Amino acid sequence: MAMVLNNIEKLIEKYNNAETTLKEEAQLKAYFLSDDVAPHLEHYKPMFQYFSHSKQERYTKDVPLKTKKTKLYQWISVAAVAVLMLGLIVPKVLGPSEQELRDQEIAMATYEQTMEAFNLISLGLNKGKTQLTNLALVSENIEEGVGQANRLGEFNTITNKILKNK
């Protein structure tokens with residue numbers, strides 16, 4: 001009996017870790033459905049009894065299928081698609097309304113005014129860029145002149161030294 005109990009305890013541990021085979025689960029079920037279950041394992045007995053009873057349960061009522069409603073739903077979906085298509089096609093066939101044409105003209109005029117403003121800003125920026133370029137050239141020329149003046153000063157110093165030595 002001790003060997004059987006030891007084996008059952010090992011199988012319960014494997015069962016709790018989800019490592020048992022179907023054959024081992026059948027051994028556990030047979031043990032817990034018997035009357036000689038060890039007292040410290042009694043709390044497992046209701047679980048295995050439930051499994052054996054629930055396995056025998058069957059659903060016996062008929063499930064009615066109503067096919068007429070599905071046809072109604074199919075026609076509703078077809079009607080919805082038709083309404084959507086008409087909503088997309090009819091405005092294009094009839095053409096834009098006078099209000100839409102006026103809105104388009106106003107939008108185009110606003111766009112043209114905006115482009116004129118951007119062109120004016122661009123002209124001002126280009127003039128400023130040209131002036132900055134001219135200032136940069138003047139700055140470079142002044143630096144070059146200062147460098148040449150420094151060389152001329154060195155030349156004068158050397159010339160004076162040469163003339164004084166003679």
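What list of ³J(HN,Hα) couplings, whole Hz, do you get for segment 20-36 from phi and the Karplus terms 6.51, -1.76, 1.60, once you set θ to phi - 60° and write x for glycine and proline?
Per-residue couplings from phi come out as 7, 8, 5, 5, 5, 5, 5, 5, 4, 4, 4, 5, 6, 8, 7, 8, 9 Hz.
Tell me the label only: which of [x] 137, 81, 22; [y] 95, 38, 28; [z] 39, 37, 29 is Cα extents along the principal axes in Å as calculated from this structure?
The value computed from this structure is option [x].
Work out the charge dipole of the chain with +1 on the Cβ of Lys and Arg and -1 on the Cβ of Asp and Glu about the Cα centre, then indicate which of 101, 83, 12 is farthest towards its positive end.
It is 101.
Let me have the 222 nm mean residue ellipticity of the chain computed from DSSP H runs of 4+ only, each contributing -39500 (n - 2.57), with the sum over all residues rounded to the nearest 500.
-29000 deg cm²/dmol
Find which of 123, 39, 22 sits farthest along the positive direction of the dipole of the chain, computed with +1 on the beta-carbon of Lys and Arg, -1 on that of Asp and Glu, about the Cα centre.
123
Given Cβ point charges of +1 (Lys, Arg) and -1 (Asp, Glu) and nothing else, what value in debye, to the nearest 20, does the dipole of segment 2-56 about its Cα centre take? Write down the numbers at each step before the final one.
Working: 6 positive and 8 negative charges, 38 e Å.
Dipole size: approximately 180 debye.
I'd like the Kirkwood hydrodynamic radius of segment 2-56, using the inverse of the mean 1/r over distinct C-alpha pairs, in Å. Let's see the in-between values first.
On the way: mean 1/r = 0.0876 Å⁻¹.
Radius from the Kirkwood sum: 11.4 Å.
Could you work out how far helix 2-16 tilts from the main Cα principal axis of the chain, as a 0 to 90 degree angle to the nearest 10?
Compared with the principal axis, the helix lies near 40 degrees.
In debye, nearest 20, what is the charge dipole magnitude of the chain about its Cα centre with +1 on Lys and Arg Cβ and -1 on Asp and Glu Cβ, if you could check? Before the final figure, lay out each step's value.
Numbers: 20 positive and 20 negative charges, 60 e Å.
I would put it at about 280 debye.
The numbers here are math on the coordinates, done by the rules we state, and not lab data. In this text the structure is predicted, and so the values were computed from the model without any measurement. All Cβ positions, even for glycine, are placed from backbone atoms using ideal geometry, and neighbour counts span all protein chains on display.
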